[in-house]
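Here the structure is laid out as structure tokens; the discussion comes afterwards.
The values are calculated or read from the model by the stated rules, or taken from the named source; none is laboratory data. What you see is a predicted model, and the numbers here were worked out from it, not measured in a lab. Cβ sites come from the backbone with ideal geometry, for glycine too, and all protein chains shown count toward neighbours. Areas reflect the complete protein model, heavy atoms only, side chains present, ligands, DNA and RNA absent. Shrake-Rupley method; radii C 1.70, N 1.55, O 1.52, S 1.80 Å.
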Amino acid sequence: MKIIALSGTPAALPGLNQLIRTHQLCALLCPSQASGSETLPLQHWAEDRHIPCWLADAQEVVKDLTELISEIRPDLILIFGFPFQLSNNLWEAVRFGAWNVHFSLLPDQEGSITIHQLSPSEGLPQVISHFNLKLSDGIEEASPIEQLSQLTSGLLQTALSSLAASSRSAA
């Protein structure tokens, strides 16, 4: 499966590492300038792994992503902490569309990870996978976002394996 990832946060790295291990990641698109984005670690990570890393600003992101989709013809777009709003129409040319990975910090030291399908239609997104957990609050433990980030790779791999299996059985 060929995947293009869109991200502006290092919290995506465990999930991106999983995609590298399974030889699925073809390119990474990061915001060139956006408040709250930390793209430099993503750029260095991609460079070290010889993954093409495109930088796009808000005005050029649709053009750049359309070009990437046309060139790579990915099976899936994975969005993880990407700061720009994108039209669901962009996913029409992608075999399995786009998935958004979302973290939530909940009351009582809990967190959740949700992976949902972004639909080309304007309907509600379909939940692909969801996981709630109790977060550690120890001084030596990882931050809540780091804890959620680490769990994402397994959740993502399970969801991708299910997608591949259902795709094979439909063929």
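Results, tabulated for the structure shown:
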{"read-out": "Qualifying residue in region 60-73 (condition: among the basic types (K, R), in contact (Cβ under 8 Å) with a residue 60 or more places away in the chain and open to solvent by 10 Å² or more (accessible area, probe 1.4 Å))", "value": "yes"}
{"read-out": "The listed residue being touching a residue at least 12 places away in the same chain (Cβ under 8 Å), surrounded by 18 or more Cβ atoms within 10 Å (Cβ to Cβ) and in a loop (DSSP other than H, G, I, E, B), out of F82, F103", "value": "F82"}
{"read-out": "H44, sole failed condition from (1) open to solvent by less than 40 Å² (accessible area, probe 1.4 Å); (2) in a helix (DSSP H, G or I); (3) at pLDDT below 95", "value": "(1)"}
{"read-out": "Subset of region 106-118 that is open to solvent by 30 Å² or more (accessible area, probe 1.4 Å) and polar (S, T, N, Q) - its residue that is modelled with the highest pLDDT", "value": "Q117"}
